[in-house]
Amino acid sequence: MPPYHILVINPGSTSTKVAVYEDERPLCVSTIRHTPEELAAYTQIIDQHDFRRQLVTDWLAQNNIPLRFDAIIGRGGLIKPIAGGVYRVNRKMCFETYYALRKHACNLGCILVYELAKEQGGGCQAYIADPVTVDELVPEARVSGSPLMPRLAIWHALNQRAIARRYARQVGCSYNDLNLIVCHLGGGISVAAHEHGRAIDANNALDGEGPLSPERAGTLPAADLIHLCYSGRYTEEQLKKRVAGQAGLMAHLGTTDILQIMQMIEQGNERARLLINAMIFHTAKQIAAEGAVLCGRVDAILLTGGMAHSAYITEGIKQRVSYLAPVHVFPGEDEMEALALNALAVLRGECQAKEYE
């Protein structure tokens, strides 16, 4: 069987990651950085799609890679809640992503791959896999204290699931046979309870639920938030940024750079120490809560994401939750490989791409 060639595109807030895979093997991987000046030319994030598409096309040309792939797969955006898996990108998905109420760079993913696959032609398919809106919650997890506001899961589904499967391979088990708690430590922090291959509970890491993080406030006192809304001091957009974007460690310390914050702690900044310890405290509390969701039957706790490179943070979490299950650390992200392997599984007939309806 000839090898399959896959183009992977993962748009982030300030960069676009691009990779070409031959089956499981990465042939070329790059991160295209975007300066604040470049991005300032666009009022809305979604307006950047032509700019980023051209950058991807230029990158392919610079690396002498023709637009000739068996599949093109991208990071999924803030579409409606769906079950996990691989989805074929269609016009409906692109339309809903383009006009999504929630704004994030991940919304560019399906549009970019759809346009590039269409440009290539010849039956090349565009896919996404495990977008952040993967929703496999049990009914109890959807209920909040107000019928006006049911709970939503917006979490790092792609990386969490990739890390969970990697751990399962390491211990010689199937992901579908394990009970795991996975915590993604990034600009936002998401924690999910994975019961036999299904994420039955997860926090809304985008909109301000769960632990405080470098960019996000996490759960806030509702009455105080209502008071701020009617204080006349902030517009709706300003308050949204106080919840996600300019919140968390950024609001307290003026930076989201964990290395810089750790240097502040080493130099005796007790405020920085308190805030990092508070983030550890609330993250551990969220992990322990998911232990209750799994009735205490937890095979392992997995820590991943960019902040998992910090031993101070991971050891702090371990001290508080290791009573529940063994804790394993997988620093960084595995999203590019995860996307490539999802597309490869479809091409090989190992799984079937779902239709977005």
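Does residue 77 satisfy the condition of being under 19 Å from the mean Cα position of the chain (by Cα), on the phi > 0 side of the Ramachandran plot and not charged (D, E, K, R)? Judged against the criteria, residue 77 is not a match.
Determine which single condition residue 196 fails, assuming it passes every other condition in (1) under 23 Å from residue 84 (Cβ atoms); (2) modelled with pLDDT of 95 or more; (3) surrounded by 14 or more Cβ atoms within 10 Å (Cβ to Cβ). With (1) under 23 Å from residue 84 (Cβ atoms); (2) modelled with pLDDT of 95 or more; (3) surrounded by 14 or more Cβ atoms within 10 Å (Cβ to Cβ) applied to residue 196, the lone miss is (3). Summed over the stretch 1-60, residues that are assigned to a loop (DSSP other than H, G, I, E, B) and more than 30 Å from residue 215 (Cα to Cα) total 6. Of the residues making up the stretch 259-298, those that are within 23 Å of residue 199 (Cβ to Cβ), charged (D, E, K, R) and either in contact with a Phe, Trp or Tyr (Cβ under 9 Å, 6 or more places away or on another chain) or assigned to a helix (DSSP H, G or I) (or both) are 285, 290. Does residue 274 satisfy the condition of being at pLDDT 95 or above and over 23 Å from the mean Cα position of the chain (by Cα)? For residue 274, the condition - at pLDDT 95 or above and over 23 Å from the mean Cα position of the chain (by Cα) - is met. Among the criteria (1) in a loop (DSSP other than H, G, I, E, B); (2) more than 13 Å from residue 199 (Cα to Cα); (3) out of contact with any Gly (no Cβ under 9 Å at 6 or more places or on another chain), the one residue 137 does not fulfil is (2). Number of residues in the stretch 301-348 that are under 29 Å from residue 276 (Cβ atoms) and either of a type in the set (D, E, K, R) or part of a helix (DSSP H, G or I) (or both) equals 20.
Checking 172, 187 one by one, the residue that is part of a loop (DSSP other than H, G, I, E, B), closer than 28 Å to residue 218 by Cβ and in the same structural domain as residue 245 (by TED's automatic domain parsing) is 187 and no other. The residue that is surrounded by the fewest Cβ atoms within 10 Å (Cβ to Cβ), counting only those in the stretch 73-109 that are in contact with a Pro (Cβ under 9 Å, 6 or more places away or on another chain) and assigned to a strand (DSSP E or B), is 82. Can you tell me which residue in the stretch 283-336 is farthest from residue 166 (Cα to Cα), limited to those that are surrounded by fewer than 18 Cβ atoms within 10 Å (Cβ to Cβ) and at pLDDT below 95? Going through the qualifying residues, I end up with 306.
The values are calculated or read from the model by the stated rules, or taken from the named source; none is laboratory data. Everything numeric here is computed off the predicted structure, so don't read it as measured data. Virtual Cβ from ideal backbone geometry, glycine too; neighbours counted across all protein chains shown.
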